[in-house]
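One structure is given here, and the rest of the page talks about it.
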Amino acid sequence: MLNAMTVDVEEYFQVSAFSDVVKRSEWPNYESRVRESMDRILGLFESHDMKATFFILGWIARQHPQLVKQIHRQGHEVASHGMYHERVTELTSQQFSTDLIDSRMLLEDITGAQVKGYRAPSFSLPLTTQSYEILADAGYRYSSSVYPIKHDHYGEPNAERFNFEGGSGVLEVPISTLRILGRNFPAGGGGFFRLLPYHYHKMGFSRLNKVEGKAGVFYMHPWEIDAEQPRPIGISAKGRFRHYLNLKKTYGRLARLLDDYVWSSIEQVYQF
Ligand SMILES: [Zn+2]
């Protein structure tokens, strides 16, 4: 059974949890670390002979066009994570549409290949027919913008757990969850992958593949394998705990997850 591996390509200082402290206008003042982490991730994926989907922030694509080219050249899927990591809920419909079109065209200009997928920053896509209509009009075929769990920063605990038609012919591909005693538990990565022991995640994917007969969808960030990243000042204790927890362990855990299951990109798994 094929599972979908996805990476949200952004810098450590662009995460939503830091957005009150690190303003967009200050981004150029921070040391860029994405290139090094991406080299390690691309090398790891190559050594496992697998493809993945990379949801690349437009701001990153502008700064690192060679990185985008390399991702594409190595056979991976290039998709959009928007231009500036703004929550969709903070944009007007017109701004959302412009963000979708600008980021798609930027990536397509760099690679020469069609961009089909979008992931909303912080899984902030409202699950309305209007959202999917805007996505369709902006040229997208699918979105992977829902994590059906309860979380203070993101999550739609009542959303469908597996891929569903969001509207206007656009498929929504949610991040994987486990259903236990009528509740959804995270199984598809992010901070939970660093928080919970490896065997929990292994059990989760076994259950998805063997018991439910479904593909899993996993997501991660380059900064999650970068234990040496600079630490911006002024982040809350909770924000620090979540962001810096087990950074040293993530690369090794990821390597195990790649060994234990079979992976590809969303476009391969769902055959776009
Ligand atoms: Zn993001």
Residue that is nearest to the ligand (Cβ to nearest atom) [pool: residues in the range 1-20 that are under 24 Å from L44 (Cα atoms) and surrounded by fewer than 21 Cβ atoms within 10 Å (Cβ to Cβ)]:
L2
Helices (runs of 4 or more DSSP H) enclosed by the range 214-272 - at least 1 residues per element that are under 22 Å from D20 (Cβ atoms) and in contact with a helix residue (DSSP H, G or I) (Cβ under 7 Å, 6 or more places away or on another chain)
237-244, 247-260
For residues that are within 19 Å of the chain's Cα centre (by Cα) and charged (D, E, K, R), scanning just the range 109-121, find the one that is farthest from the ligand (Cβ to nearest atom).
K116
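Take the conditions more than 16 Å from the ligand (Cβ to nearest atom), over 24 Å from G188 (Cβ atoms) and polar (S, T, N, Q) and apply them to T98. Does it pass? Let's see the steps before the verdict.
Numbers: more than 16 Å from the ligand (Cβ to nearest atom): yes; over 24 Å from G188 (Cβ atoms): yes; polar (S, T, N, Q): yes.
Against the criterion (more than 16 Å from the ligand (Cβ to nearest atom), over 24 Å from G188 (Cβ atoms) and polar (S, T, N, Q)), T98 qualifies.
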Go through (1) assigned to a strand (DSSP E or B); (2) surrounded by fewer than 16 Cβ atoms within 10 Å (Cβ to Cβ) for G166 and report which single condition fails.
(2)
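Listed here are the residues, each with its yes/no results for (1) of a type outside the set (V, I, T); (2) at pLDDT 95 or above.
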| site | (1), (2) |
| --- | --- |
| V9 | no, yes |
| Q14 | yes, no |
| V21 | no, no |
| E26 | yes, no |
| V34 | no, yes |
| R40 | yes, yes |
| F55 | yes, yes |
| W59 | yes, yes |
Qualifying residue in the range 122-130 (condition: within 12 Å of the ligand (Cβ to nearest atom) and either among the aromatic types (F, W, Y) or outside any helix (DSSP H, G or I) (or both)):
yes
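Can you tell me which residues in the range 101-121 are assigned to a helix (DSSP H, G or I) and under 21 Å from A4 (Cβ atoms)?
Kept after step one, since they are assigned to a helix (DSSP H, G or I), are these residues of the range 101-121: 101-111, 121.
Of everything in the range 101-121, those that are assigned to a helix (DSSP H, G or I) and under 21 Å from A4 (Cβ atoms) turn out to be S103, R104, L107, T111, P121.
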Subset of the range 33-65 (residues that are assigned to a loop (DSSP other than H, G, I, E, B) and within 16 Å of the ligand (Cβ to nearest atom))
R33, A52, L57, H64
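Of all residues in the range 55-73 being out of contact with any Leu (no Cβ under 8 Å at 6 or more places or on another chain) and closer than 11 Å to V115 by Cβ, which is surrounded by the most Cβ atoms within 10 Å (Cβ to Cβ)?
Restricting attention to the range 55-73, the residues satisfying the condition of being out of contact with any Leu (no Cβ under 8 Å at 6 or more places or on another chain) are 55, 57, 59, 63-67, 69, 72-73.
This time we only want the ones that are closer than 11 Å to V115 by Cβ, so: 55, 72.
Values: F55: 27, H72: 17.
Residue satisfying both the conditions and the ranking: F55.
Tell me, which residue of the range 131-162 that is hydroxyl-bearing (S, T, Y) and within 16 Å of the ligand (Cβ to nearest atom) is farthest from the chain's Cα centre (by Cα)?
If we take residues in the range 131-162 being hydroxyl-bearing (S, T, Y) and within 16 Å of the ligand (Cβ to nearest atom), then Y154 is farthest from the chain's Cα centre (by Cα).
The values are calculated or read from the model by the stated rules, or taken from the named source; none is laboratory data. Predicted model only: the values in this text are computed from it and were never measured. Don't worry about glycine lacking a Cβ; one is built from the backbone with ideal geometry, like all the others, and counts go over all protein chains shown.
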